[in-house]
Amino acid sequence: MTEEQKEQENQGDAVAAETETLPEISQALKRQTNEHPYWRAFGCAFWFVALIAVLTVWFADRLRDYLFTAQPVNGAPVLMIPQNAMQIEKELRNLQKQVASQKRRLQNLTPREMYLIINSSENRVTLMRGNKVIHEGLCSTGSYTVLKTADNKEKWVFQTPRGMLRVQNKIVKPVWRMPDWAFIEEGLPVPSKNSSERFEFNVLGDYALDLGRGYLIHGTLYQRFLGMPVTHGCVRLGDEELKIIYHNLTIGSKVFIY
Amino acid sequence: MKPFSFLKAGRGVRWFFAILLFFPILFIFSYIIILPFLNLAQKNRPVGVEPAVHDSLTVQSENSSVRKQLLVRRDLKLEDAKQRAQIQLTRLDSIYFFIDLNDSLAAIKIKGVTLRKSKSSRIYSSPVLRHLKQSAKVEEWLAKPLVAQQSWSSFVKHPFKIKNAPKDTLEALAMKVEIMAPEPIDAYCSILFDRNVLLRMRQIEKLSIKGAWPAVKYEAAFRFSRLKGIVNALILLQLPPHYITIDLTLPQADIVAMYRAVPYSCSMMLLF
(Lines give C-alpha, C1' and ligand atoms only; values in the text may rest on other atoms or scores of the structure.)
Protein backbone atom coordinates (compact mmCIF):
# COMPACT_ATOMS: atom_id res chain seq x y z
CA MET A 1 0.00 0.00 0.00
CA THR A 2 1.34 3.43 -0.86
CA GLU A 3 1.56 6.13 1.76
CA GLU A 4 -1.27 7.99 0.08
CA GLN A 5 -3.54 4.96 0.22
CA LYS A 6 -2.65 4.37 3.92
CA GLU A 7 -3.56 7.98 4.70
CA GLN A 8 -6.91 7.65 2.92
CA GLU A 9 -7.68 4.45 4.82
CA ASN A 10 -6.97 6.16 8.18
CA GLN A 11 -9.22 9.10 7.25
CA GLY A 12 -11.98 6.68 6.31
CA ASP A 13 -11.73 4.96 9.71
CA ALA A 14 -11.93 8.33 11.50
CA VAL A 15 -15.02 9.35 9.53
CA ALA A 16 -16.61 5.99 10.21
CA ALA A 17 -15.92 6.40 13.93
CA GLU A 18 -17.54 9.88 14.01
CA THR A 19 -20.73 9.00 12.18
CA GLU A 20 -22.54 6.40 14.29
CA THR A 21 -25.85 5.06 12.98
CA LEU A 22 -29.20 5.94 14.61
CA PRO A 23 -29.84 2.53 16.15
CA GLU A 24 -26.43 2.77 17.76
CA ILE A 25 -27.28 6.17 19.28
CA SER A 26 -30.54 4.92 20.78
CA GLN A 27 -28.75 1.85 22.11
CA ALA A 28 -26.25 4.14 23.79
CA LEU A 29 -29.04 6.24 25.33
CA LYS A 30 -30.85 3.16 26.54
CA ARG A 31 -27.68 1.95 28.17
CA GLN A 32 -27.25 5.34 29.83
CA THR A 33 -30.81 5.51 31.21
CA ASN A 34 -30.71 1.98 32.38
CA GLU A 35 -27.61 2.89 34.25
CA HIS A 36 -29.50 5.83 35.99
CA PRO A 37 -33.02 4.51 36.63
CA TYR A 38 -33.53 6.72 39.70
CA TRP A 39 -33.17 9.89 37.64
CA ARG A 40 -35.62 8.49 35.17
CA ALA A 41 -38.05 7.70 38.00
CA PHE A 42 -37.62 11.20 39.40
CA GLY A 43 -38.29 12.76 36.01
CA CYS A 44 -41.41 10.67 35.37
CA ALA A 45 -42.76 11.30 38.87
CA PHE A 46 -42.17 15.04 38.54
CA TRP A 47 -44.19 15.34 35.32
CA PHE A 48 -46.91 13.05 36.62
CA VAL A 49 -47.29 15.07 39.82
CA ALA A 50 -47.29 18.32 37.83
CA LEU A 51 -50.12 16.98 35.65
CA ILE A 52 -52.12 15.89 38.71
CA ALA A 53 -51.55 19.31 40.29
CA VAL A 54 -52.84 21.16 37.22
CA LEU A 55 -55.90 18.91 36.93
CA THR A 56 -56.62 19.23 40.64
CA VAL A 57 -56.44 23.02 40.53
CA TRP A 58 -58.60 23.04 37.40
CA PHE A 59 -61.33 20.90 38.93
CA ALA A 60 -60.84 21.84 42.60
CA ASP A 61 -64.19 23.54 43.13
CA ARG A 62 -66.13 20.79 41.39
CA LEU A 63 -64.33 18.07 43.33
CA ARG A 64 -65.13 19.79 46.63
CA ASP A 65 -68.72 20.20 45.49
CA TYR A 66 -68.92 16.44 44.96
CA LEU A 67 -67.78 15.96 48.54
CA PHE A 68 -70.49 18.34 49.73
CA THR A 69 -73.06 16.48 47.65
CA ALA A 70 -72.05 13.28 49.38
CA GLN A 71 -72.27 14.85 52.83
CA PRO A 72 -75.78 14.63 54.35
CA VAL A 73 -77.45 17.94 55.27
CA ASN A 74 -79.44 16.59 58.22
CA GLY A 75 -78.07 14.79 61.24
CA ALA A 76 -76.69 17.92 62.89
CA PRO A 77 -76.17 19.07 66.46
CA VAL A 78 -79.32 20.49 67.96
CA LEU A 79 -79.68 24.11 69.01
CA MET A 80 -81.40 24.45 72.36
CA ILE A 81 -83.51 27.60 72.53
CA PRO A 82 -84.80 28.49 75.98
CA GLN A 83 -88.25 29.88 75.09
CA ASN A 84 -91.80 29.59 76.30
CA ALA A 85 -94.90 29.45 74.11
CA MET A 86 -96.08 32.99 74.97
CA GLN A 87 -92.76 34.55 74.04
CA ILE A 88 -92.62 32.69 70.74
CA GLU A 89 -96.15 33.72 69.78
CA LYS A 90 -95.42 37.39 70.47
CA GLU A 91 -92.21 37.20 68.47
CA LEU A 92 -94.02 35.49 65.59
CA ARG A 93 -96.67 38.22 65.44
CA ASN A 94 -94.03 40.96 65.38
CA LEU A 95 -92.04 39.16 62.70
CA GLN A 96 -95.10 38.65 60.53
CA LYS A 97 -95.96 42.35 60.74
CA GLN A 98 -92.39 43.32 59.90
CA VAL A 99 -92.17 40.97 56.92
CA ALA A 100 -95.53 42.13 55.54
CA SER A 101 -94.56 45.80 55.90
CA GLN A 102 -91.22 45.26 54.16
CA LYS A 103 -92.93 43.33 51.39
CA ARG A 104 -95.32 46.22 50.76
CA ARG A 105 -92.41 48.63 50.79
CA LEU A 106 -90.57 46.60 48.15
CA GLN A 107 -93.68 46.30 45.99
CA ASN A 108 -94.21 50.09 46.13
CA LEU A 109 -90.77 50.69 44.66
CA THR A 110 -92.03 49.91 41.16
CA PRO A 111 -93.45 53.25 39.98
CA ARG A 112 -97.21 53.29 39.48
CA GLU A 113 -97.01 56.17 37.00
CA MET A 114 -95.32 56.00 33.59
CA TYR A 115 -91.59 55.51 33.45
CA LEU A 116 -89.05 54.79 30.75
CA ILE A 117 -86.43 52.06 30.46
CA ILE A 118 -83.64 52.62 27.95
CA ASN A 119 -81.50 49.66 26.95
CA SER A 120 -78.21 51.14 25.71
CA SER A 121 -76.76 47.71 24.80
CA GLU A 122 -79.44 46.92 22.26
CA ASN A 123 -80.63 50.50 21.72
CA ARG A 124 -84.22 49.86 22.62
CA VAL A 125 -86.64 51.96 24.64
CA THR A 126 -89.62 50.71 26.65
CA LEU A 127 -92.37 52.85 28.13
CA MET A 128 -93.82 51.17 31.21
CA ARG A 129 -96.56 51.64 33.74
CA GLY A 130 -96.04 49.40 36.76
CA ASN A 131 -95.09 46.04 35.29
CA LYS A 132 -97.01 46.62 32.05
CA VAL A 133 -95.32 47.52 28.78
CA ILE A 134 -97.10 50.45 27.13
CA HIS A 135 -94.85 51.03 24.14
CA GLU A 136 -91.55 49.71 22.78
CA GLY A 137 -89.26 51.01 20.09
CA LEU A 138 -85.76 51.67 18.82
CA CYS A 139 -83.47 54.42 19.93
CA SER A 140 -79.84 55.49 19.53
CA THR A 141 -77.55 55.91 22.48
CA GLY A 142 -73.93 56.89 23.09
CA SER A 143 -71.30 55.65 20.64
CA TYR A 144 -68.60 54.94 23.30
CA THR A 145 -66.21 57.22 21.42
CA VAL A 146 -63.50 59.15 23.23
CA LEU A 147 -62.64 62.32 21.32
CA LYS A 148 -59.20 63.75 22.09
CA THR A 149 -57.63 66.96 20.89
CA ALA A 150 -54.23 66.77 19.20
CA ASP A 151 -52.44 68.16 22.25
CA ASN A 152 -54.36 65.76 24.58
CA LYS A 153 -55.46 68.72 26.68
CA GLU A 154 -59.14 68.07 26.22
CA LYS A 155 -61.13 64.89 26.07
CA TRP A 156 -64.83 64.07 25.67
CA VAL A 157 -66.46 60.71 26.31
CA PHE A 158 -69.62 60.08 24.31
CA GLN A 159 -71.48 57.64 26.53
CA THR A 160 -75.09 57.63 27.73
CA PRO A 161 -75.04 57.61 31.55
CA ARG A 162 -76.50 54.60 33.36
CA GLY A 163 -78.76 54.59 36.35
CA MET A 164 -81.92 56.41 37.32
CA LEU A 165 -82.53 59.92 36.03
CA ARG A 166 -85.59 62.13 36.16
CA VAL A 167 -87.20 64.32 33.55
CA GLN A 168 -86.19 67.86 34.51
CA ASN A 169 -87.87 69.74 31.72
CA LYS A 170 -90.05 69.23 28.63
CA ILE A 171 -89.24 71.28 25.52
CA VAL A 172 -91.16 71.83 22.30
CA LYS A 173 -89.20 72.58 19.10
CA PRO A 174 -85.83 72.34 20.88
CA VAL A 175 -82.83 74.22 19.54
CA TRP A 176 -79.40 72.65 19.75
CA ARG A 177 -76.78 74.85 21.33
CA MET A 178 -73.63 73.23 19.95
CA PRO A 179 -70.86 72.56 22.46
CA ASP A 180 -67.14 72.83 21.63
CA TRP A 181 -66.74 69.17 20.67
CA ALA A 182 -69.30 69.52 17.86
CA PHE A 183 -66.87 71.90 16.09
CA ILE A 184 -63.69 70.07 17.04
CA GLU A 185 -65.11 66.80 15.71
CA GLU A 186 -65.72 68.40 12.31
CA GLY A 187 -62.32 70.06 12.15
CA LEU A 188 -63.93 73.50 12.43
CA PRO A 189 -62.66 76.39 14.52
CA VAL A 190 -64.51 76.79 17.83
CA PRO A 191 -66.59 80.01 17.84
CA SER A 192 -67.16 82.21 20.88
CA LYS A 193 -69.72 81.16 23.50
CA ASN A 194 -72.49 83.47 22.30
CA SER A 195 -71.85 83.17 18.59
CA SER A 196 -74.91 82.54 16.39
CA GLU A 197 -72.98 79.69 14.73
CA ARG A 198 -73.56 77.66 17.88
CA PHE A 199 -77.33 77.40 17.40
CA GLU A 200 -78.84 74.79 15.12
CA PHE A 201 -82.56 74.60 14.48
CA ASN A 202 -84.76 71.63 13.53
CA VAL A 203 -82.12 68.97 14.20
CA LEU A 204 -83.47 67.69 17.52
CA GLY A 205 -86.96 66.85 16.34
CA ASP A 206 -90.29 68.26 17.59
CA TYR A 207 -89.83 67.55 21.28
CA ALA A 208 -87.12 67.00 23.86
CA LEU A 209 -86.97 65.80 27.45
CA ASP A 210 -84.16 67.21 29.55
CA LEU A 211 -82.60 64.62 31.89
CA GLY A 212 -80.08 67.02 33.41
CA ARG A 213 -76.27 67.19 33.13
CA GLY A 214 -76.61 68.08 29.43
CA TYR A 215 -78.37 64.85 28.41
CA LEU A 216 -81.59 64.97 26.42
CA ILE A 217 -84.06 62.58 24.91
CA HIS A 218 -84.82 64.10 21.52
CA GLY A 219 -85.66 63.39 17.92
CA THR A 220 -83.29 63.01 14.99
CA LEU A 221 -82.87 63.61 11.28
CA TYR A 222 -80.92 60.35 10.97
CA GLN A 223 -83.78 57.87 11.39
CA ARG A 224 -81.85 55.16 9.57
CA PHE A 225 -79.34 55.03 12.45
CA LEU A 226 -81.95 54.18 15.04
CA GLY A 227 -81.01 50.94 16.81
CA MET A 228 -77.30 51.77 16.61
CA PRO A 229 -74.96 53.43 19.10
CA VAL A 230 -74.16 56.65 17.26
CA THR A 231 -74.92 59.59 19.54
CA HIS A 232 -72.74 61.76 21.70
CA GLY A 233 -74.54 60.73 24.88
CA CYS A 234 -78.11 61.85 24.29
CA VAL A 235 -80.90 59.42 23.46
CA ARG A 236 -82.35 59.81 20.00
CA LEU A 237 -85.83 58.55 19.23
CA GLY A 238 -87.90 58.13 16.10
CA ASP A 239 -90.77 60.57 15.53
CA GLU A 240 -93.50 58.20 16.65
CA GLU A 241 -91.72 57.10 19.84
CA LEU A 242 -90.78 60.64 20.69
CA LYS A 243 -94.39 61.86 20.45
CA ILE A 244 -95.74 59.01 22.59
CA ILE A 245 -93.04 59.32 25.24
CA TYR A 246 -93.20 63.12 25.36
CA HIS A 247 -96.96 63.08 25.95
CA ASN A 248 -96.90 60.28 28.53
CA LEU A 249 -94.01 61.36 30.73
CA THR A 250 -94.22 64.33 33.05
CA ILE A 251 -91.63 66.42 34.80
CA GLY A 252 -90.23 64.23 37.55
CA SER A 253 -90.92 60.96 35.70
CA LYS A 254 -88.24 58.34 36.16
CA VAL A 255 -85.98 57.26 33.33
CA PHE A 256 -83.90 54.13 33.89
CA ILE A 257 -80.93 53.60 31.61
CA TYR A 258 -78.83 50.46 31.54
CA MET B 1 -37.85 2.74 24.47
CA LYS B 2 -40.79 2.25 26.81
CA PRO B 3 -41.52 5.16 29.17
CA PHE B 4 -41.73 3.11 32.36
CA SER B 5 -38.94 0.71 31.54
CA PHE B 6 -36.96 2.02 34.51
CA LEU B 7 -39.43 0.14 36.78
CA LYS B 8 -37.78 -3.07 35.70
CA ALA B 9 -34.50 -1.87 37.15
CA GLY B 10 -35.28 -3.20 40.62
CA ARG B 11 -37.53 -3.01 43.67
CA GLY B 12 -35.66 -0.02 45.03
CA VAL B 13 -36.50 2.05 41.95
CA ARG B 14 -40.17 1.04 42.17
CA TRP B 15 -40.40 2.06 45.82
CA PHE B 16 -38.61 5.32 45.07
CA PHE B 17 -41.07 6.10 42.27
CA ALA B 18 -44.06 5.18 44.43
CA ILE B 19 -42.90 7.43 47.30
CA LEU B 20 -42.21 10.30 44.89
CA LEU B 21 -45.74 9.95 43.57
CA PHE B 22 -47.63 9.22 46.76
CA PHE B 23 -46.56 12.03 49.10
CA PRO B 24 -46.85 14.98 46.70
CA ILE B 25 -50.23 13.76 45.39
CA LEU B 26 -51.43 13.25 48.95
CA PHE B 27 -50.30 16.76 49.85
CA ILE B 28 -51.97 18.27 46.75
CA PHE B 29 -55.29 16.52 47.36
CA SER B 30 -55.26 17.30 51.08
CA TYR B 31 -54.31 20.95 50.70
CA ILE B 32 -56.47 21.79 47.69
CA ILE B 33 -59.50 19.50 48.16
CA ILE B 34 -59.87 17.87 51.56
CA LEU B 35 -58.82 20.54 54.06
CA PRO B 36 -60.82 23.41 52.49
CA PHE B 37 -63.84 21.07 52.31
CA LEU B 38 -63.51 20.16 56.00
CA ASN B 39 -62.99 23.80 56.96
CA LEU B 40 -66.07 24.94 55.07
CA ALA B 41 -68.15 22.01 56.27
CA GLN B 42 -67.26 22.89 59.86
CA LYS B 43 -68.24 26.56 59.37
CA ASN B 44 -71.60 25.67 57.78
CA ARG B 45 -72.70 22.90 60.10
CA PRO B 46 -76.46 22.47 59.80
CA VAL B 47 -78.49 23.08 62.91
CA GLY B 48 -81.95 22.06 63.99
CA VAL B 49 -84.29 23.61 66.50
CA GLU B 50 -85.50 22.12 69.71
CA PRO B 51 -87.58 23.65 72.52
CA ALA B 52 -86.03 24.45 75.87
CA VAL B 53 -85.64 22.21 78.86
CA HIS B 54 -89.14 21.33 79.92
CA ASP B 55 -90.69 22.34 83.17
CA SER B 56 -93.26 20.25 85.03
CA LEU B 57 -96.17 22.03 83.33
CA THR B 58 -95.03 21.35 79.79
CA VAL B 59 -96.46 18.31 78.03
CA GLN B 60 -95.24 16.46 74.95
CA SER B 61 -97.90 17.85 72.56
CA GLU B 62 -97.07 21.43 73.56
CA ASN B 63 -93.41 20.73 72.78
CA SER B 64 -94.19 19.67 69.21
CA SER B 65 -96.32 22.78 68.60
CA VAL B 66 -93.55 24.95 70.02
CA ARG B 67 -91.13 23.18 67.68
CA LYS B 68 -93.37 24.01 64.70
CA GLN B 69 -93.57 27.62 65.84
CA LEU B 70 -89.78 27.76 66.08
CA LEU B 71 -89.51 26.50 62.51
CA VAL B 72 -92.01 29.13 61.33
CA ARG B 73 -90.03 31.74 63.23
CA ARG B 74 -86.84 30.62 61.48
CA ASP B 75 -88.52 30.92 58.05
CA LEU B 76 -89.83 34.38 58.90
CA LYS B 77 -86.42 35.50 60.11
CA LEU B 78 -84.86 34.33 56.84
CA GLU B 79 -87.53 36.16 54.86
CA ASP B 80 -86.90 39.27 56.96
CA ALA B 81 -83.14 39.02 56.31
CA LYS B 82 -83.70 38.75 52.53
CA GLN B 83 -86.02 41.74 52.54
CA ARG B 84 -83.60 43.84 54.58
CA ALA B 85 -80.85 43.09 52.06
CA GLN B 86 -83.13 44.09 49.19
CA ILE B 87 -84.12 47.33 50.89
CA GLN B 88 -80.45 48.07 51.48
CA LEU B 89 -79.80 47.63 47.75
CA THR B 90 -82.66 49.97 46.80
CA ARG B 91 -80.84 52.78 48.58
CA LEU B 92 -77.91 52.50 46.14
CA ASP B 93 -77.78 54.60 42.97
CA SER B 94 -76.24 51.81 40.94
CA ILE B 95 -77.59 48.79 39.11
CA TYR B 96 -77.29 45.47 40.91
CA PHE B 97 -77.77 41.79 40.16
CA PHE B 98 -80.75 39.86 41.45
CA ILE B 99 -80.36 36.09 41.24
CA ASP B 100 -83.15 33.81 42.41
CA LEU B 101 -82.00 30.19 42.27
CA ASN B 102 -85.45 28.90 43.24
CA ASP B 103 -86.98 30.40 40.09
CA SER B 104 -83.82 30.12 37.91
CA LEU B 105 -84.09 33.86 37.42
CA ALA B 106 -81.32 36.35 36.72
CA ALA B 107 -82.16 40.03 36.64
CA ILE B 108 -80.68 43.48 36.99
CA LYS B 109 -82.45 46.06 39.08
CA ILE B 110 -82.04 49.60 40.26
CA LYS B 111 -83.97 51.13 43.16
CA GLY B 112 -86.04 47.96 43.26
CA VAL B 113 -87.19 48.31 39.63
CA THR B 114 -86.43 45.38 37.34
CA LEU B 115 -84.64 46.58 34.22
CA ARG B 116 -84.05 43.25 32.56
CA LYS B 117 -84.70 39.67 33.55
CA SER B 118 -83.84 36.34 32.04
CA LYS B 119 -84.66 32.73 32.83
CA SER B 120 -81.72 30.41 32.93
CA SER B 121 -82.19 27.31 30.80
CA ARG B 122 -79.58 25.41 32.78
CA ILE B 123 -78.43 26.22 36.26
CA TYR B 124 -75.75 24.78 38.48
CA SER B 125 -75.30 25.92 42.05
CA SER B 126 -72.79 24.64 44.54
CA PRO B 127 -74.21 22.19 47.13
CA VAL B 128 -72.52 24.37 49.76
CA LEU B 129 -75.59 26.59 49.53
CA ARG B 130 -77.77 23.72 50.65
CA HIS B 131 -75.62 23.31 53.74
CA LEU B 132 -75.46 27.05 54.29
CA LYS B 133 -79.26 27.24 54.21
CA GLN B 134 -79.44 24.89 57.17
CA SER B 135 -76.64 26.50 59.14
CA ALA B 136 -76.95 29.00 61.97
CA LYS B 137 -75.15 31.70 59.97
CA VAL B 138 -77.59 31.82 57.06
CA GLU B 139 -79.59 34.74 58.44
CA GLU B 140 -76.49 36.86 58.80
CA TRP B 141 -75.36 35.73 55.32
CA LEU B 142 -78.63 36.63 53.62
CA ALA B 143 -79.01 40.00 55.35
CA LYS B 144 -75.93 41.45 53.67
CA PRO B 145 -75.77 41.82 49.87
CA LEU B 146 -72.72 40.48 48.06
CA VAL B 147 -70.22 42.91 46.53
CA ALA B 148 -68.19 42.14 43.40
CA GLN B 149 -64.43 42.05 43.68
CA GLN B 150 -63.18 40.77 40.35
CA SER B 151 -64.57 39.94 36.95
CA TRP B 152 -63.54 38.24 33.71
CA SER B 153 -65.31 38.17 30.37
CA SER B 154 -64.84 37.07 26.78
CA PHE B 155 -66.03 40.48 25.53
CA VAL B 156 -65.17 44.07 26.34
CA LYS B 157 -67.21 45.60 29.13
CA HIS B 158 -66.95 49.14 27.82
CA PRO B 159 -66.19 49.14 24.07
CA PHE B 160 -64.58 52.58 23.89
CA LYS B 161 -63.04 53.81 20.64
CA ILE B 162 -60.42 56.52 20.66
CA LYS B 163 -60.83 59.24 18.05
CA ASN B 164 -58.26 61.98 17.52
CA ALA B 165 -59.71 65.34 16.62
CA PRO B 166 -59.16 66.11 12.91
CA LYS B 167 -57.07 69.15 12.00
CA ASP B 168 -59.48 70.46 9.37
CA THR B 169 -62.70 69.65 7.54
CA LEU B 170 -60.93 67.62 4.86
CA GLU B 171 -59.44 65.32 7.45
CA ALA B 172 -62.82 65.16 9.20
CA LEU B 173 -64.46 64.06 5.94
CA ALA B 174 -61.80 61.44 5.38
CA MET B 175 -62.33 60.10 8.91
CA LYS B 176 -66.05 59.59 8.46
CA VAL B 177 -66.80 55.87 8.21
CA GLU B 178 -69.95 54.03 7.38
CA ILE B 179 -71.76 53.18 10.57
CA MET B 180 -72.31 49.44 10.82
CA ALA B 181 -74.64 47.62 13.16
CA PRO B 182 -72.69 46.03 16.02
CA GLU B 183 -71.70 42.41 15.41
CA PRO B 184 -72.93 39.72 17.79
CA ILE B 185 -70.28 38.65 20.28
CA ASP B 186 -69.88 35.42 22.20
CA ALA B 187 -70.75 36.02 25.80
CA TYR B 188 -69.02 34.30 28.69
CA CYS B 189 -68.34 36.07 31.95
CA SER B 190 -67.50 35.40 35.57
CA ILE B 191 -67.84 37.70 38.54
CA LEU B 192 -66.27 36.91 41.89
CA PHE B 193 -68.09 38.38 44.88
CA ASP B 194 -67.03 38.63 48.50
CA ARG B 195 -67.66 35.52 50.63
CA ASN B 196 -66.19 33.58 47.65
CA VAL B 197 -69.38 33.50 45.62
CA LEU B 198 -68.61 33.07 41.93
CA LEU B 199 -71.28 33.90 39.36
CA ARG B 200 -70.58 32.42 35.94
CA MET B 201 -72.74 33.13 32.92
CA ARG B 202 -72.45 31.34 29.62
CA GLN B 203 -74.50 31.78 26.48
CA ILE B 204 -77.05 29.31 25.20
CA GLU B 205 -75.91 29.86 21.61
CA LYS B 206 -73.07 27.78 20.20
CA LEU B 207 -69.62 29.30 20.24
CA SER B 208 -68.74 30.90 16.92
CA ILE B 209 -65.40 30.43 15.18
CA LYS B 210 -64.55 34.11 15.70
CA GLY B 211 -65.41 33.86 19.38
CA ALA B 212 -63.31 30.78 20.08
CA TRP B 213 -60.05 32.60 20.79
CA PRO B 214 -61.59 35.26 23.10
CA ALA B 215 -63.38 32.45 24.96
CA VAL B 216 -60.10 30.54 25.39
CA LYS B 217 -58.35 33.71 26.61
CA TYR B 218 -61.15 34.37 29.07
CA GLU B 219 -61.07 30.85 30.49
CA ALA B 220 -57.28 30.89 30.70
CA ALA B 221 -57.32 34.26 32.53
CA PHE B 222 -59.86 32.94 34.99
CA ARG B 223 -57.99 29.68 35.65
CA PHE B 224 -54.69 31.49 36.00
CA SER B 225 -56.24 33.80 38.56
CA ARG B 226 -57.52 30.73 40.40
CA LEU B 227 -54.06 29.19 40.39
CA LYS B 228 -52.56 32.46 41.64
CA GLY B 229 -55.02 32.43 44.53
CA ILE B 230 -54.01 28.91 45.53
CA VAL B 231 -50.30 29.71 45.32
CA ASN B 232 -50.82 32.90 47.38
CA ALA B 233 -52.68 30.89 50.00
CA LEU B 234 -49.85 28.36 50.08
CA ILE B 235 -47.26 31.11 50.57
CA LEU B 236 -49.29 32.65 53.39
CA LEU B 237 -49.86 29.18 54.91
CA GLN B 238 -53.63 29.51 54.51
CA LEU B 239 -56.16 27.15 53.01
CA PRO B 240 -57.20 27.98 49.44
CA PRO B 241 -60.69 29.46 49.20
CA HIS B 242 -63.58 27.41 47.92
CA TYR B 243 -65.68 29.26 45.36
CA ILE B 244 -69.42 28.84 45.81
CA THR B 245 -70.17 28.58 42.10
CA ILE B 246 -73.41 29.58 40.45
CA ASP B 247 -73.40 28.70 36.78
CA LEU B 248 -76.15 30.19 34.61
CA THR B 249 -76.89 29.57 30.95
CA LEU B 250 -78.60 32.58 29.43
CA PRO B 251 -79.19 34.11 26.00
CA GLN B 252 -76.19 36.00 24.65
CA ALA B 253 -77.97 39.35 24.47
CA ASP B 254 -79.04 39.14 28.10
CA ILE B 255 -75.54 38.37 29.34
CA VAL B 256 -74.02 41.25 27.36
CA ALA B 257 -76.70 43.71 28.46
CA MET B 258 -76.50 42.74 32.12
CA TYR B 259 -72.72 42.57 32.33
CA ARG B 260 -72.31 45.96 30.66
CA ALA B 261 -75.00 47.53 32.77
CA VAL B 262 -73.55 46.78 36.19
CA PRO B 263 -70.58 48.73 37.57
CA TYR B 264 -67.29 47.00 38.34
CA SER B 265 -67.98 46.70 42.05
CA CYS B 266 -71.62 45.84 41.69
CA SER B 267 -73.80 44.28 44.36
CA MET B 268 -75.81 41.10 44.13
CA MET B 269 -78.88 39.82 45.90
CA LEU B 270 -78.80 36.02 45.97
CA LEU B 271 -81.89 34.05 46.91
CA PHE B 272 -81.60 30.29 47.42
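Restricted to the range A:59-137, the set of strands (runs of 3 or more DSSP E) holding at least 2 residues that are within 19 Å of A:Thr250 (Cβ to Cβ), modelled with pLDDT of 85 or more and not aromatic (Phe, Trp, Tyr) comprises A:114-119, A:124-129.
Against the test of being surrounded by fewer than 20 Cβ atoms within 10 Å (Cβ to Cβ), part of a helix (DSSP H, G or I) and facing chain A (nearest Cβ under 10 Å), the options B:Leu76, B:Leu71 yield a single qualifying residue, B:Leu76.
Screening the candidates B:Ser94, B:Ser151 for the property of being open to solvent by 10 Å² or more (accessible area, probe 1.4 Å), more than 10 Å from every other protein chain (Cβ to nearest Cβ) and either in contact with a helix residue (DSSP H, G or I) (Cβ under 7 Å, 6 or more places away or on another chain) or of a type outside the set (A, V, I, L, M) (or both) yields one hit, B:Ser151. Looking only at residues of the range B:107-124 that are in contact with a Phe, Trp or Tyr (Cβ under 7 Å, 6 or more places away or on another chain) and not charged (D, E, K, R), we find that the one that is farthest from the other protein chains (Cβ to nearest Cβ) is B:Ala107. Looking at the range A:249-257, is at least one residue of a type in the set (Phe, Trp, Tyr) and open to solvent by less than 10 Å² (accessible area, probe 1.4 Å)? Yes, the conditions are met somewhere in the range A:249-257. Within the range A:126-142, restricting attention to residues that are in contact with a helix residue (DSSP H, G or I) (Cβ under 8 Å, 6 or more places away or on another chain) and under 10 Å from A:Glu241 (Cα atoms), the residue that is surrounded by the most Cβ atoms within 10 Å (Cβ to Cβ) is A:Cys139.
Within the range A:127-154, residues that are at the interface with chain B (Cβ under 9 Å from one of its Cβ atoms) reach partners that are among the polar types (S, T, N, Q) and buried (at least 18 other Cβ atoms within 10 Å of the Cβ) with beta carbons closer than 7 Å, at six or more positions or on different chains, in the pairs A:Ser143/A:Thr231; A:Tyr144/A:Gln159. Checking each residue in the range A:143-168 for being among the charged types (D, E, K, R) and touching a helix residue (DSSP H, G or I) at 6+ places or on another chain (Cβ under 7 Å) picks out only A:Arg162. If only residues of the range B:240-265 that are more than 11 Å from chain A (Cβ to nearest Cβ) and out of contact with any Asp or Glu (no Cβ under 9 Å at 6 or more places or on another chain) are counted, the one that is nearest to A:Tyr258 (Cα to Cα) is B:Tyr264. Considering the range B:71-89, the residues that are in contact with a helix residue (DSSP H, G or I) (Cβ under 8 Å, 6 or more places away or on another chain) and polar (S, T, N, Q) include one that is nearest to B:Lys111 (Cα to Cα), namely B:Gln86. Only one of the listed residues (B:Leu146, B:Leu132, B:Leu89) is open to solvent by less than 10 Å² (accessible area, probe 1.4 Å) and in contact with a Pro (Cβ under 8 Å, 6 or more places away or on another chain). That residue is B:Leu89. Filter the range B:207-224 down to the residues that are under 18 Å from B:Ser151 (Cα atoms) and free of Cβ contacts under 8 Å to residues at least 24 places away in the same chain, then identify the one that is farthest from the other protein chains (Cβ to nearest Cβ). If we take residues in the range B:207-224 being under 18 Å from B:Ser151 (Cα atoms) and free of Cβ contacts under 8 Å to residues at least 24 places away in the same chain, then B:Val216 is farthest from the other protein chains (Cβ to nearest Cβ). Scanning the range B:40-49 for residues that are among the polar types (S, T, N, Q) and surrounded by 13 or more Cβ atoms within 10 Å (Cβ to Cβ) gives a single hit, B:Asn44. Residue pairs whose Cβ atoms lie under 6 Å apart, sitting 6 or more positions apart in sequence or on different chains, and linking a residue in the range B:33-48 that is at the interface with chain A (Cβ under 7 Å from one of its Cβ atoms) and modelled with pLDDT of 80 or more to a partner that is open to solvent by less than 30 Å² (accessible area, probe 1.4 Å) and in a helix (DSSP H, G or I), are B:Ile33/A:Arg64; B:Phe37/A:Arg64. Got at least one residue in the range A:175-189 being modelled with pLDDT of 90 or more, acidic (Asp, Glu), over 23 Å from the mean Cα position of the chain (by Cα) and surrounded by fewer than 18 Cβ atoms within 10 Å (Cβ to Cβ)? Yes, that holds for at least one residue.
Considering the range B:1-30, and only residues there that are exposed (fewer than 11 other Cβ atoms within 10 Å of the Cβ) and more than 8 Å from every other protein chain (Cβ to nearest Cβ), the residue that is nearest to the chain's Cα centre (by Cα) turns out to be B:Lys2. Scanning the range A:32-58 for residues that are at pLDDT below 70 and facing chain B (nearest Cβ under 8 Å), we see that the one that is least open to solvent (accessible area, probe 1.4 Å) is A:Thr33. Just one of the listed residues (A:Gly187, A:Gly163, A:Gly137) is over 30 Å from B:Pro184 (Cα atoms) and touching an Asp or Glu at 6+ places or on another chain (Cβ under 8 Å), namely A:Gly187.
The values are calculated or read from the model by the stated rules, or taken from the named source; none is laboratory data. Note that the structure is a prediction, hence the values are computed from the model and not measured. No Cβ is skipped: glycine too gets one built from the backbone with ideal geometry, and neighbour counts run over all protein chains shown. Heads up: the accessible areas ignore ligands, DNA and RNA and are worked out on the full protein's heavy atoms, side chains in. Shrake-Rupley method; radii C 1.70, N 1.55, O 1.52, S 1.80 Å.
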